[in-house]
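J.: Sharing a structure with you now.
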Amino acid sequence: MNGTRRAHARVGRNAALALAITLSLALLPTEPGLAAQAATEAAPPVRPAVPSVRSMEVVGGPGSANYRLAARFAPYKLDDLIHSTSVNPRWIEGSEAFWYDFETSEGKSFRVVDAARGRKRLVFDNAKLAAELTRITRDPYDARHLPIREIRFIDANTVEFEVESSQDEEKEDDGILGEQVDTLGEGQRERRGNGREKAKKKVHYFRYDVNTQTLRELEEYEEPDDHPGWASVSPDGSSVVYAKQNDLWLMSRSEYEKVLDARRGESGEKADSLDQLVEVEETRLTEDGEAHYGWASTGADRGDTDVEKEKKKDWRKPAPVVWSRDSRRLAMVRTDQRKVGELWVIHSVGNKRPELESYRYDMPGEEHVTQSELWIYDLAGRRATRVEWPDAWKDESLNIATARQFRYPDSTEPFRQIWLGDGSDLVHFARISRDRHRVDLMVADARTGQARTLFEDRLNTYMETRNPDMLPNGDILWWSERDGWAHLYRYGADGRLKNQVTQGEFAVHGIEAVDGRNGVIYFEASGREGGEDPYYTHLYRVGADGSGLRLLNPGNYDHRVSVGPSTRFFVDNYSRVNTVPAATLRNAAGGEVAPLETADFDRLMAAGWRMPEPFRVKAGDGITDLYGVMYLPFDFDPNRRYPIIAYVYPGPQTEAVSKSFSTNRYESALAQFGFVVITVGNRGGHPSRSKWYHNYGYGNLRDYGLEDKKVTIEQLADQLPFIDTDRVGIYGHSGGGFMSTAAMLVYPDFFDVAVSSSGNHTNDVYNRWWSETHHGVKEVVDDSGKVTFEYEIAKNPDLARNLKGHLLLTTGDIDNNVHHANTLRMAEALIKANKRFDYFEFPGQRHGYGNMSDYWFWLRAEYFVEHLLGDDTRWSADLVELQRENPRSR
């Protein structure tokens, strides 16, 4: 039996190979290789014989679903089979070094890399360190199970970390927590009935010398500063600004130290509760704040119930502060939501009484939407100035331009936003029209409060924006899609265009680093290298004048980089969806300095895992290439016919198609029941192609991607007889929930079963930014000059009468992103159309289903098992496979 199954798996992969060859996409090897060896030859054009459709056995009927295989590779089981898949470098301040941890089946190792010397070494001798820690803490450890946490490099040779003991360290209740405990939600209170704080474990603190490999326990240790989220610390460290009671406030550094001391050693809600109780001297900077027109960041209390908001009404909150480099002034975008309508969800579970959560929410086409204002505050003069310009657009949005900063991961310095330019006299910002057809980069005089336009961008569809960069001479680097592709442009400080930095039929994602001294720009882009999937990302360098464009990480892979602080070195993580991930260290010229790691997939492969297969097909226009990935059952048999299921997300901000390696645990696990599962892009999807491709769905946000999903399945079935187009499923979440339901209604004779979760089925009750941006809103100016906006969009409920197949709708009852009104209105329309459908609501869940995600996997999978495979023999009150994973102590 096992031998037969292995043979089937091999033949199945050959069949998938034939698919890719037939569709003109050479499958990529599963070996990782090094980037320098990445240029791979296409597989030979050999297509094995396949049986005719008539002679093939149909997978389906009672008992056909392979529950055992699906449970073996259920999403929550993969964590035990797979380890580290990328190197996350933590660059060390004051050096050209970084450290990282990497886990394999042998345990976790820690390495430090001297990039300048190309030298990699272990931080610890794990066995020796385990023995030392056992001796000191008296808790037993071994080399594969080091207990160290909160690792921080003080310098390239000195490490500090902590180890939690098995022994309790009791602390007497100091009364502070008791005063504040009622501000915490149910389930967040850590108290015992005896009046004492819940026992904490003793913690040991250590310092380790990498060169000498010596360990020393720190008897006197002060934990690093834990900066609260509300604190905006000035660049010189002397002032801390925040919002409270709707206004702007300030405290000195010495007073702020009291807050840091109160938080030290604590975390989360408890730390936040403690620091709010500290008595400090603070100065009120403004007096005009009011509810929904204050100085706090928009949505600072988003997610709190109204009960929680009332308890925290006097707490300090974050303000959207952007500092001048000299700490003299700060700038803020202040929002006015006083006329914006409210939205509500009810927390029916998790509280003694159900609680209301209300929040202001802009919906598309509404007259009253969030208004943005730019303010500059002079700390010395204690004066707030609103920035004005003569030709303000109705409902325009504002973004303050900020300077590029390198943040060291182990630094205890607070992060702060800094103005783009030097000094404290000029603030650069972008203004964007409501329809996003117009973008201006502007500059404001901080002394007068007057602003002017430096340069503008215009397009007849929506415009994406990126934060600009400034070179040492004052030149500005601007990202734009004005020529149909995303590229970089260089402007002078006076707003005059100097040159287009990059050009051609490829898409620049954004700037990764700038070497201002040498005038070199490092950026990520895709689509430039011929013969590759156009979504594969690479790192490039180019001069500010557009000269010397150079690819820095060649290889037919998708690359993800981390550029070091000096821009002399970068870590390159590379893989494809069907290769083992690897990482290497490269220099600024693109040369390989040292290989770093290759992921350990031994246990994953030994368990029977099979890589998915990438493919390429044509879009509905017969011209545009679409790229997808196919997931087959690991016991695949080419003599059988399988239902096909498409996992979808329409974009336009992304496509749900992996390029670098991912287990894609949900798609892969679903395939094991006995399905072919695919993901594929669609016109109007991913922004990393041409602007035409990205904006294909503009003005048709319901239907634009559906044809491409349908024709993809048809093309695959034409080439692969094991795909059964009489049994077609589709599912997706959020935009994918919206799209999967639309597919059932627009093509009711093609799609048979859909599972649609948290879909924005009626985009007129979804957020304004997404809906107006990607579908479009029309600006209308009447004869008197009055500006209004018109919005109209096709909705899923409009087609409810078309439903023929099986549809499962799900939502979370406290989803404050895609409100559950979307799903309820879809359900109402189906009921009015006298249609049968299924509905499920996840109590206490937001847009994602959180701690119910495992339950959700089985609910979704069994819906397809029942309605596509016709296998309904496994019903039980228990989710048996999931129950097996839960240890029972009683």
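J.: Of the residues Phe406, Phe415, only one is open to solvent by 50 Å² or more (accessible area, probe 1.4 Å) and in contact with a Pro (Cβ under 6 Å, 6 or more places away or on another chain); which? Full working, then the answer.
T.: Values: Phe415 fails: in contact with a Pro (Cβ under 6 Å, 6 or more places away or on another chain).
Testing whether each residue is open to solvent by 50 Å² or more (accessible area, probe 1.4 Å) and in contact with a Pro (Cβ under 6 Å, 6 or more places away or on another chain) leaves just Phe406.
J.: If you go through segment 418-444, how many residues are open to solvent by less than 10 Å² (accessible area, probe 1.4 Å), in a loop (DSSP other than H, G, I, E, B) and acidic (Asp, Glu)?
T.: Looking only at that region, the number is 0.
J.: Looking at His292, His347, can you tell me which residue is modelled with pLDDT of 95 or more, closer than 27 Å to Asp362 by Cβ and open to solvent by 60 Å² or more (accessible area, probe 1.4 Å)?
T.: His292
J.: If you don't mind, another one. Do any residues in segment 615-626 that are on the phi > 0 side of the Ramachandran plot have Cβ atoms under 9 Å from those of residues that are not in a loop (DSSP other than H, G, I, E, B), where the two are at least six apart or on different chains, and which pairs are they?
T.: The qualifying pairs are Gly622/Val711.
J.: Mind checking which strands (runs of 3 or more DSSP E) fall wholly inside segment 493-587 and carry at least 2 residues that are at pLDDT below 95 and either open to solvent by 30 Å² or more (accessible area, probe 1.4 Å) or under 21 Å from Leu441 (Cβ atoms) (or both)?
T.: Numbers: elements: 497-500, 507-515, 520-526, 537-543, 558-563, 569-575, 582-587.
Result: empty, no element qualifies.
J.: So which residues in segment 306-344 are open to solvent by 40 Å² or more (accessible area, probe 1.4 Å) and under 20 Å from Gly449 (Cα atoms)?
T.: Pro320, Arg325, Asp326, Arg328
J.: Do you know which residues across segment 361-408 are assigned to a loop (DSSP other than H, G, I, E, B), more than 17 Å from Ser433 (Cα to Cα) and among the aromatic types (Phe, Trp, Tyr)?
T.: Selection gives Tyr361, Phe406, Tyr408.
J.: Can you run down the residue pairs with Cβ atoms below 7 Å, 6 or more apart or on separate chains, where the first is in segment 307-335 and touching a residue at least 12 places away in the same chain (Cβ under 8 Å) and the partner is part of a helix (DSSP H, G or I) and of a type outside the set (D, E, K, R)?
T.: Filtered contacts from segment 307-335: Lys311/Thr183; Lys312/Thr183; Trp315/Gln276; Arg316/Gln276.
J.: Go through segment 203-249 residue by residue and tally those that are within 35 Å of the chain's Cα centre (by Cα), surrounded by fewer than 20 Cβ atoms within 10 Å (Cβ to Cβ) and basic (Lys, Arg).
T.: The total comes to 1.
J.: Only residues that are surrounded by fewer than 21 Cβ atoms within 10 Å (Cβ to Cβ), at negative phi and either over 22 Å from the mean Cα position of the chain (by Cα) or assigned to a loop (DSSP other than H, G, I, E, B) (or both): list them for segment 87-98, please.
T.: Taking segment 87-98 first, the residues surrounded by fewer than 21 Cβ atoms within 10 Å (Cβ to Cβ) are 88, 90, 93-96.
Still in the running and at negative phi: 88, 90, 93, 95-96.
Answer for segment 87-98, where residues must be surrounded by fewer than 21 Cβ atoms within 10 Å (Cβ to Cβ), at negative phi and either over 22 Å from the mean Cα position of the chain (by Cα) or assigned to a loop (DSSP other than H, G, I, E, B) (or both): Asn88, Glu93, Ser95, Glu96.
J.: Okay, moving on. Assess whether Arg466 counts as being part of a loop (DSSP other than H, G, I, E, B), at pLDDT below 95 and surrounded by fewer than 21 Cβ atoms within 10 Å (Cβ to Cβ). Talk me through it step by step, then tell me what you get.
T.: Details: part of a loop (DSSP other than H, G, I, E, B): yes; at pLDDT below 95: no; surrounded by fewer than 21 Cβ atoms within 10 Å (Cβ to Cβ): yes.
Spelling it out, it is not the case that Arg466 is part of a loop (DSSP other than H, G, I, E, B), at pLDDT below 95 and surrounded by fewer than 21 Cβ atoms within 10 Å (Cβ to Cβ).
J.: So, restricting to strands (runs of 3 or more DSSP E) that lie completely within segment 767-866, which ones have at least 3 residues that are at pLDDT 95 or above and open to solvent by 50 Å² or more (accessible area, probe 1.4 Å)? Break it down stepwise before answering.
T.: Values: elements: 778-781, 787-790, 806-812, 838-842.
Counting at least 3 such residues, we get 838-842.
J.: Is it the case that Asp764 is open to solvent by 10 Å² or more (accessible area, probe 1.4 Å), acidic (Asp, Glu), farther than 27 Å from Leu868 by Cβ and in contact with a helix residue (DSSP H, G or I) (Cβ under 9 Å, 6 or more places away or on another chain)?
T.: Values: open to solvent by 10 Å² or more (accessible area, probe 1.4 Å): yes; acidic (Asp, Glu): yes; farther than 27 Å from Leu868 by Cβ: yes; in contact with a helix residue (DSSP H, G or I) (Cβ under 9 Å, 6 or more places away or on another chain): yes.
In short, yes.
J.: Also, quick follow-up: Filter segment 703-733 down to the residues that are over 19 Å from Arg616 (Cα atoms), at pLDDT below 95 and not aromatic (Phe, Trp, Tyr) and list them by number.
T.: Within segment 703-733, Asp703 is the sole residue that qualifies.
J.: Right, next: If you take the residues of segment 104-163 that are assigned to a loop (DSSP other than H, G, I, E, B) and of a type in the set (Gly, Ala, Ser), which of them is surrounded by the most Cβ atoms within 10 Å (Cβ to Cβ)?
T.: Looking only at segment 104-163, we keep the residues that are assigned to a loop (DSSP other than H, G, I, E, B), and these are 105-106, 115-118, 123-125, 138-148, 156-157.
When the remaining residues are screened for being of a type in the set (Gly, Ala, Ser), the result is 105, 115-116, 118, 143, 156.
Values: Ser105: 14, Ala115: 24, Ala116: 14, Gly118: 14, Ala143: 17, Ala156: 19.
Within segment 104-163, the match that is surrounded by the most Cβ atoms within 10 Å (Cβ to Cβ) is Ala115.
J.: Within segment 698-714, does at least one residue satisfy the condition of being within 26 Å of Ala525 (Cα to Cα), surrounded by fewer than 22 Cβ atoms within 10 Å (Cβ to Cβ) and either touching a helix residue (DSSP H, G or I) at 6+ places or on another chain (Cβ under 6 Å) or in contact (Cβ under 8 Å) with a residue 40 or more places away in the chain (or both)?
T.: Checking segment 698-714: at least one residue is within 26 Å of Ala525 (Cα to Cα), surrounded by fewer than 22 Cβ atoms within 10 Å (Cβ to Cβ) and either touching a helix residue (DSSP H, G or I) at 6+ places or on another chain (Cβ under 6 Å) or in contact (Cβ under 8 Å) with a residue 40 or more places away in the chain (or both).
J.: Filter segment 621-649 for residues that are open to solvent by less than 30 Å² (accessible area, probe 1.4 Å), over 27 Å from Ser64 (Cα atoms) and in a loop (DSSP other than H, G, I, E, B) and give the result.
T.: Correct list: Thr624 only.
J.: Continuing with this model, one more query. Between Arg874, Arg884, which is modelled with pLDDT under 95, loosely packed, with under 12 Cβ neighbours inside 10 Å and either closer than 18 Å to Ala71 by Cβ or among the small types (Gly, Ala, Ser) (or both)?
T.: Values: Arg874 fails: loosely packed, with under 12 Cβ neighbours inside 10 Å.
Answer to the check: Arg884.
J.: Now for a different question. So which residues in segment 722-755 are part of a helix (DSSP H, G or I) and either under 15 Å from Phe837 (Cβ atoms) or open to solvent by 10 Å² or more (accessible area, probe 1.4 Å) (or both), if there are any at all?
T.: Keep residues of segment 722-755 that are part of a helix (DSSP H, G or I), which gives 735-746.
Once the filter is applied, which keeps residues that are part of a helix (DSSP H, G or I) and either under 15 Å from Phe837 (Cβ atoms) or open to solvent by 10 Å² or more (accessible area, probe 1.4 Å) (or both), segment 722-755 yields Gly737, Ser740, Thr741, Ala742, Ala743, Met744, Leu745, Val746.
The values are calculated or read from the model by the stated rules, or taken from the named source; none is laboratory data. The shown structure was predicted, so the numbers you read here are calculated from the model rather than taken from an experiment. Virtual Cβ from ideal backbone geometry, glycine too; neighbours counted across all protein chains shown. We work out accessible area using only protein heavy atoms, side chains counted, and drop any ligands, DNA or RNA first. Shrake-Rupley method; radii C 1.70, N 1.55, O 1.52, S 1.80 Å.
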